[in-house]
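The values are calculated or read from the model by the stated rules, or taken from the named source; none is laboratory data. Computed from a predicted model, the values in this text were never measured in an experiment. Virtual Cβ from ideal backbone geometry, glycine too; neighbours counted across all protein chains shown. These area figures cover heavy atoms from the full protein model, side chains too; ligands, DNA and RNA do not enter into them. Shrake-Rupley method; radii C 1.70, N 1.55, O 1.52, S 1.80 Å.
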Amino acid sequence: MASQLRGLLSFLRRQRKPFKVNLAKNMVENFSLSLTDQYQSIYITALGADPVKLGYVNSVGGVAGALAAVPVGWLADRLGIRRILLTALPLMALGSVIFALSESWEITALAFLISALSLRMEMTVCPMICGNTLRDEERVTGMQLCDTLSALPRLIAPIVAAQIITIAGGLNARGIRPLYWLRALGVSIGALIIYLHFTDPIEPRGGAGQLNILESLGRVFREGRMVKRWMLFLVLSVLPFYLYPYFPLYAKEVKGADQYVIAGMNMASTLIIILLSLPTGSLADRFGRKKMIFSMMPLYCASLLLLIYAPTPQYLLLAGLLNGFNTLIAAIQGAITVEIIPRELLGSWFGLLGLIRGLVGVLAPLIGGYLWEAVSPSAVFHLILLTQLGKALILLSMPSTVTRG
């Protein structure tokens, strides 16, 4: 154990400052967002939305992300990652304040739009930091280390949130509202960390003599490997994340879970990430990305089946535990995503992927709301199971030269 700890500290020490500062920001931000994430759909429905209207609210965020993604990636290449982060984090804080002030579900749509826009900006530039600071042979390990350490606050935040909800009035709008004020404060601290300590890992290229957006995207398709196939794979990968609002809602409305069970589900998922991020990252770097993804997909599918068929709320804790494997899979997929494109085009590449994610973010909640109302609540999770089959078929067709086995 001591030697492993020394190895981790040695790994961290030899990384560049932008990676370490971004890690610190992620830890603060993850605690803040984890106060509200598992309760947000319950909060919006408590303000008057039904499952279909909940889908509308989440789709608004998808529109914002889709419209901003490509320009953000292009601007990150030219103006620098730091400027994007210093725009995104104050926007996230503003969205949190609007959530806290909302008295109707319609107002939460504005809050969700601003929050989704800021999150899309961050998600576009965050992998650029890893892509430009981590060596190829250590990339998955480094990304999983970042996930492990930044997940530690997420292990604490849900139970803190559950206790605040209990004190503030229960699992309703009044009880959840204070969490958004705390989220705004935490995100503001993250912005201060970036302002004081973060420097761009590569020199921004500026505007003069540089490619325009369309030319940059053209290079992505010409010079990248298996780009179109990987884009389809990522469409299926992100759909479960955009259907996440229906997870805690299903737990509460269908399975009868209270705030402590919902918090426990989130904590259990985080525990898997903390315990297994580094081992799975190391194994993926040594033995192959595809092998690790295939080994974990059945466990994620088991979490969905447990959620659907759990006879009592207590079984949802195991479903939450196994759900963490999807985050581990996503980190390995992130390493592949970085490696199939020339490094100088990462901003445009992640901007393009952000556009695709945004479009999925528009459609997925609407589909989820329709399935919930017109078919059954469990149909949402049967759809996610089908996406896993599609992912497996596409990944089988990917050559090992791209995915290291």
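Descriptive notes on the structure:
- Residue, farthest from Pro377 (Cα to Cα), within region 35-48, restricted to residues that are in a helix (DSSP H, G or I) and open to solvent by 20 Å² or more (accessible area, probe 1.4 Å): Asp37
- Region 74-91: number of residues that are part of a helix (DSSP H, G or I) and either open to solvent by 60 Å² or more (accessible area, probe 1.4 Å) or at pLDDT below 90 (or both): 11
- Among the residues examined, Val140 does not qualify as within 24 Å of Ile274 (Cα to Cα), modelled with pLDDT of 90 or more and β-branched (Val, Ile, Thr).
- Residues being crowded, with 18+ Cβ neighbours inside 10 Å, assigned to a helix (DSSP H, G or I) and hydrophobic (A, V, I, L, M, F, W, C) - total across region 49-72: 9
- Residue match in region 108-116 (condition: within 30 Å of Thr280 (Cβ to Cβ), crowded, with 18+ Cβ neighbours inside 10 Å and out of contact with any Phe, Trp or Tyr (no Cβ under 7 Å at 6 or more places or on another chain)): yes
- Yes/no for Ile176 being in contact with a Gly (Cβ under 8 Å, 6 or more places away or on another chain) and either more than 26 Å from Ala24 (Cβ to Cβ) or β-branched (Val, Ile, Thr) (or both): no
- Residues of region 255-296 satisfying the condition of being assigned to a loop (DSSP other than H, G, I, E, B) and either farther than 27 Å from Ala161 by Cβ or not charged (D, E, K, R) (or both): Gly256, Ala257, Gly288
- Tally, over region 297-341, of residues that are not β-branched (Val, Ile, Thr) and not in a helix (DSSP H, G or I): 4
- Of all the residues in region 218-238, those that are part of a helix (DSSP H, G or I) and open to solvent by less than 30 Å² (accessible area, probe 1.4 Å) number 8.
- Flag for Arg174 being of a type in the set (D, E, K, R), assigned to a helix (DSSP H, G or I), under 20 Å from Gln40 (Cα atoms) and free of Cβ contacts under 8 Å to residues at least 24 places away in the same chain: yes
- Conditions (1) free of Cβ contacts under 8 Å to residues at least 12 places away in the same chain; (2) crowded, with 20+ Cβ neighbours inside 10 Å; number of the one not met by Leu101: (2)
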